[in-house]
2 protein chains.
Amino acid sequence: MKKLIYLLSVILLTISYNVQAQSNQVHDGHVHSKGFVAMDKNGVFTPYEFERKAIGDNDVLIEIMYSGICHSDIHQSRDEWGGSIFPMVPGHEIAGKITQVGKNVTKFKVGDYAGVGCMVNSCGICEHCKKGEEQYCDNNKTVYTYNSRDFDGDPTMGGYSNNIVVSEHFALKIPQGADMKRIAPLLCAGATTYSPLKFTHVGKGDKIAIAGFGGLGHIAVQYAVSFGAEVTVFDVSEDKRNDALRMGAVKFVNVTNPDELKGLDNSFRVIISTIPTNFNVEQYVRMLKVDGEMVLIGMPAANKIPSVNTGALAGRRKIYGTLIAGIPETQEMLNYSVTHNIYPEIEMIEANADAINQAYQSVLDGKVKFRYVINMETLK
Amino acid sequence: MKKLIYLLSVILLTISYNVQAQSNQVHDGHVHSKGFVAMDKNGVFTPYEFERKAIGDNDVLIEIMYSGICHSDIHQSRDEWGGSIFPMVPGHEIAGKITQVGKNVTKFKVGDYAGVGCMVNSCGICEHCKKGEEQYCDNNKTVYTYNSRDFDGDPTMGGYSNNIVVSEHFALKIPQGADMKRIAPLLCAGATTYSPLKFTHVGKGDKIAIAGFGGLGHIAVQYAVSFGAEVTVFDVSEDKRNDALRMGAVKFVNVTNPDELKGLDNSFRVIISTIPTNFNVEQYVRMLKVDGEMVLIGMPAANKIPSVNTGALAGRRKIYGTLIAGIPETQEMLNYSVTHNIYPEIEMIEANADAINQAYQSVLDGKVKFRYVINMETLK
């Protein structure tokens with residue numbers, strides 16, 4: 001009898017919780033959301049309320065706890081790559097808690113911690129989708145978490161907000177024991193750096209380099225070091241030297257000092273560039289060994305790599321880009337990161353428009369070393 | 001007794017032949033050579049006589065029968081890549097007959113047909129030299145057949161001449177049954193196209209493209225077709241359409257016609273560019289499938305690839321260059337070509353300065369379809 005009453009209480013509590021959650025957020029099937037918006041390409045944020053799509057049978061509703069600020073948020077909210085959709089609620093580094101699940105959902109239950117990265121949909125039936133590389137959808141139907149249009153034609157809205165509705169396929173499990181405060185940036189920066197390091201089989205004793213030691217770079221260094229590689233870091237800021245060495249790099253090269261660049265030609269099997277501005281690509285290509293690979297994961301505002309001497313590319317020295325990571329690899333990255341205690345170094349800011357606008361300015365001024373995270377739990 | 005007299009005659013004849021060859025060509029140990037020279041970067045050819053190095057114990061002397069004209073001869077004789085060494089005797093597509101061998105030579109005997117390609121020396125002890133990729137010598141000691149300096153500091157002189165001295169390692173065996181008149185261009189153009197097709201594992205059913213259908217391109221198409229690939233050819237000259245289809249291409253795209261370029265994005269696993277002038281690299285990169293590879297083997301005069309949108313490179317679409325082929329692969333290519341009857345289409349010219357100067361002009365004017373070969377046997 002005692003057991004029955006206990007069970008009944010649990011059931012009633014669960015119902016009451018869901019009814020409360022729904023009454024707070026779900027109207028006419030749609031989910032009400034509060035966040036921060038850029039109304040145009042000035043990229044200035046103001047508070048914003050909007051409706052998200054209804055929670056479908058395969059969807060989950062995530063209450064967002066933390067949302068990372070990625071350099072690509074800045075590019076897109078200022079329309080630096082062209083084609084931006086306004087009003088825009090950026091954010092694709094999302095960590096939170098499941099508060100509702102559709103009836104077909106098996107991967108999550110209410111109360112689980114979950115994350116969302118850069119994608120929220122894709123065709124699901126092409127060769128690349130089927131092998132878990134949804135970012136390379138052959139039908140070109142990858143839907144991004146914001147600044148994109150879902151299959152219904154509505155613009156997607158990202159994580160600078162208190163909640164998000166997403167199909168369970170595109171929600172990631174946040175492993176037990178994760179540091180929730182620091183995990184959000186891994187959903188983009190972690191996936192983006194982990195994927196090319198795995199693709200190029202970086203491993204024990206490999207001599208590799210990470211160019212650009214910011215939000216992406218400092219995570220890339222941690223992965224590469226944990227894989228056993230001998231990592232050289234390139235950056236323009238002298239004040240990052242100690243951080244790079246502290247995180248396990250064997251060498252820091254200040255590229256503003258020509259002397260430090262000497263003697264590095266033909267040195268690296270892999271160079272990952274996280275540099276988000278225009279830079280001298282050829283200088284790095286020449287540092288590759290024969291058959292070396294230069295992977296571009298930072299996307300400059302100008303969106304172009306400058307011309308490169310063809311002689312530098314001879315010797316099968318490759319230039320290419322990778323784009324984030326597919327969902328299975330993103331999950332693998334999260335599991336690996338939590339197990340190996342790999343996290344970004346972050347500065348937490350409050351969830352208000354002034355703090356976000358200020359954070360953007362600090363990124364542009366090079367004043368933030370690594371990653372800002374918005375504490376969405378402070379949203380008023 | 002009859003047998004003994006016969007043997008003695010053979011020995012005497014051989015000695016007399018060698019003495020005669022030596023008396024004609026070898027003075028004070030050095031080998032006298034006649035050919036054609038560009039004295040400066042005007043790139044105009046005149047007759048020329050010069051001394052080659054002495055025939056060392058590991059060297060062979062080749063009497064040159066045919067010498068191909070490569071587009072890179074034009075670039076270098078006009079100093080379009082910078083650093084040209086004058087006087088310059090170009091030519092790295094050399095086919096001829098062995099007329100003398102050093103005492104340690106085992107690979108050749110007098111009377112064998114032999115070829116020389118782009119290289120005549122390298123360190124021989126580094127990782128890449130040891131694995132037969134002498135063009136990627138780790139010690140940067142690759143010596144090219146002309147416009148280069150050998151270990152003694154003397155400039156090397158190429159195949160627009162009646163003979164060449166080269167170590168047996170860098171001489172190639174011309175297989176029995178080869179068509180000597182047409183084989184010379186394979187030593188550069190054949191090696192340069194065969195190598196990236198093998199490196200990218202082009203095979204049965206592969207959808208690939210060859211951009212630029214000239215000296216390199218028309219050989220590349222023949223290899224790719226013989227490997228079983230489905231080959232599309234890109235060129236700017238409508239009058240090459242029938243040739244491309246005749247050589248087995250499934251499709252010819254005239255890139256000057258925008259309509260023909262439509263619908264080709266995401267189409268090819270491999271694109272080999274043999275284009276020797278500046279061109280829109282990005283247009284081709286966009287035609288690559290995810291994980292596709294664009295291999296640059298034609299080297300533009302400006303020596304630069306233009307800037308490329310980084311978005312085009314995402315999806316691990318690679319740009320890189322390959323440089324000719326190592327000696328073992330060059331031998332493999334020669335054997336394969338003769339077995340499969342793959343040869344360049346050539347126009348034979350006489351060995352005189354006027355004919356060479358005129359041939360250069362025809363290449364620059366786009367008047368030659370494929371390859372000029374100088375018949376060195378007509379040298380006066």
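Whose amide H sits under 5 Å from the amide H of B:Glu93, counting only residues 5 or more places off or on another chain, with H placed in the peptide plane?
Close amide H contacts, sequence-distant or interchain: B:Gly68, B:Gly159.
At the nearest 100 Å², what buried accessible area, both sides summed, do you get for B and A when the probe is 1.4 Å?
When B and A are taken together, about 2600 Å² of accessible area is lost.
Could you give the accessible area per residue of segment B:189-321, probe 1.4 Å, as a whole number in Å²? It would help to have the intermediate numbers written out before the result.
Details: 4360 Å² over 133 residues.
I get 33 Å² per residue for this part.
Could you go through segment A:100-108 in sequence order and give the Karplus-derived ³J(HN,Hα) for each residue, using 6.51 cos²θ - 1.76 cosθ + 1.60 with θ = phi - 60°, rounded to whole Hz, and x for Gly and Pro?
With the stated coefficients, segment A:100-108 comes to 7, 10, x, 5, 8, 6, 10, 6, 10 Hz.
Sort shortest first the distances from A:Asn242 to its counterpart in every other copy, using label points 7 Å along the Cα-to-beta-carbon line, and give them in nm.
From this label point to the equivalent ones elsewhere in the assembly: 7.6 nm.
Do any residues of segment A:194-213 lose at least 30 Å² of accessible area when the full set of protein chains is present rather than just their chain alone, and if so which, with a 1.4 Å probe?
Buried-area filter returns A:Phe199.
Measuring from a point 7 Å out along Cα→Cβ, what nm distances, shortest first, does B:Glu260 have to its partners in the other copies?
Distances to the matching label points in the other copies: 5.1 nm.
Under 10 Å, Cα contacts only: if you run a Gaussian network model on chain B, which one of B:Gly159, B:Gly315, B:Gly248 comes out with the highest mean-square fluctuation?
Looking only at B:Gly159, B:Gly315, B:Gly248, the largest GNM fluctuation is found for B:Gly315.
Starting from the eigenvalues of the Cα gyration tensor, five times each then square-rooted, give me the equivalent ellipsoid semi-axes of segment A:313-380, largest first, whole Å.
Equivalent ellipsoid semi-axes, largest first: 31, 20, 12 Å.
Between A:Gln100 and residues 5 or more places away or on another chain, which pairs have amide H atoms under 5 Å apart, with H built 1.01 Å from N, and which residues are they?
Correct list: A:Leu61.
Please compute the modelled spin-label separation between B:Glu127 and A:Thr46, points set 7 Å along Cα→Cβ, answer in nm with one decimal.
Using points 7 Å along Cα→Cβ, the separation is 5.9 nm.
If you average 1/r over every pair of different alpha-carbon atoms in chain B and take one over that average, what Kirkwood value in Å do you get?
Result for chain B stands at 21.6 Å.
Just in segment A:188-249: which trypsin sites (Lys or Arg not before Pro) are loop by DSSP and have at most 14 other Cβ atoms within 10 Å?
Filter output for segment A:188-249: A:Lys204.
Can you tell me the convex hull volume per residue for segment A:189-321, based on C-alpha atoms, in Å³ to the nearest whole number?
In segment A:189-321, the Cα hull volume divided by residue count equals 97 Å³.
Say each of A:Ala353 and B:Val236 gets a label point 7 Å from the Cα, pointing the same way as Cα to Cβ; how far apart are those two points in nm?
The modelled label-to-label distance comes out at 5.4 nm.
What spacing in nm lies between the two simple spin-label points modelled at A:Arg246 and A:Val110, each 7 Å away from Cα in the Cβ direction?
4.3 nm
Percentage of Cα-Cα pair distances in the protein assembly as shown greater than 49 Å, rounded to whole percent? Each step should come with its number before you reach the end.
Details: 90709 of 288420 pairs.
When all Cα pairs of the protein assembly as shown are counted, 31 percent exceed 49 Å.
Convert each backbone phi in segment B:236-242 into a coupling constant with the Karplus relation 6.51 cos²θ - 1.76 cosθ + 1.60 (shift: θ = phi - 60°), then list the ³J(HN,Hα) values in order as whole Hz, x for Gly and Pro.
Going residue by residue, I get 9, 9, 4, 6, 9, 3, 5 Hz, with x marking Gly and Pro.
Can you give the FRET efficiency to the nearest 0.05 for B:Asn278 and A:Ser267, using r as the Cβ-Cβ distance and R₀ = 30 Å?
Calculated value: 0.50.
Could you check which residue among B:Tyr194, B:Tyr320, B:Tyr66 shows the biggest mean-square fluctuation in a GNM of chain B with a 10 Å Cα cutoff?
So, out of B:Tyr194, B:Tyr320, B:Tyr66, the one fluctuating most is B:Tyr320.
Determine the share of segment A:189-321's accessible area contributed by carbon and sulfur atoms, expressed in whole percent, with a 1.4 angstrom probe.
So the carbon and sulfur contribution to the accessible surface is 50 percent.
Output, in nm with one decimal and in ascending order, the distances from the B:Asn352 label point to the matching label points of the other copies (7 Å from Cα along Cα-to-Cβ).
Shortest to longest, the spacings are 9.2 nm.
Considering only DSSP beta bridges whose two residues both sit in chain A, what percent are antiparallel, to the nearest 5?
Percentage antiparallel, nearest 5: 60.
From the phi angles alone, apply the Karplus equation (6.51, -1.76, 1.60; θ = phi - 60°) to segment B:63-71 and give each ³J(HN,Hα) in whole Hz, x where the residue is Gly or Pro.
7, 7, 9, 9, 9, x, 9, 9, 4
Expressed as a whole percent, how much of the Cα-Cα distance distribution for segment B:144-265 exceeds 22 Å?
It works out to 49 percent of all Cα pairs.
Give me a single rounded figure for A:285-295: the average over its residues of other chain Cβ atoms within 10 Å of their Cβ.
Partner-chain Cβ atoms within 10 Å, mean over residues of A:285-295: 3.
Hey, can you find the accessible area per residue of segment A:58-149 for me, probe 1.4 Å, expressed in square angstrom? Could the numbers behind the result be given before it?
On the way: 3350 Å² over 92 residues.
With the other protein chains kept in place, segment A:58-149 gives 36 Å² per residue.
The values are calculated or read from the model by the stated rules, or taken from the named source; none is laboratory data. Since this is a predicted model, take the numbers as computed values, not measurements. Using ideal geometry, Cβ is built from the backbone for each residue, glycine included, and neighbour counts are taken over all protein chains shown. These area figures cover heavy atoms from the full protein model, side chains too; ligands, DNA and RNA do not enter into them. Shrake-Rupley method; radii C 1.70, N 1.55, O 1.52, S 1.80 Å.
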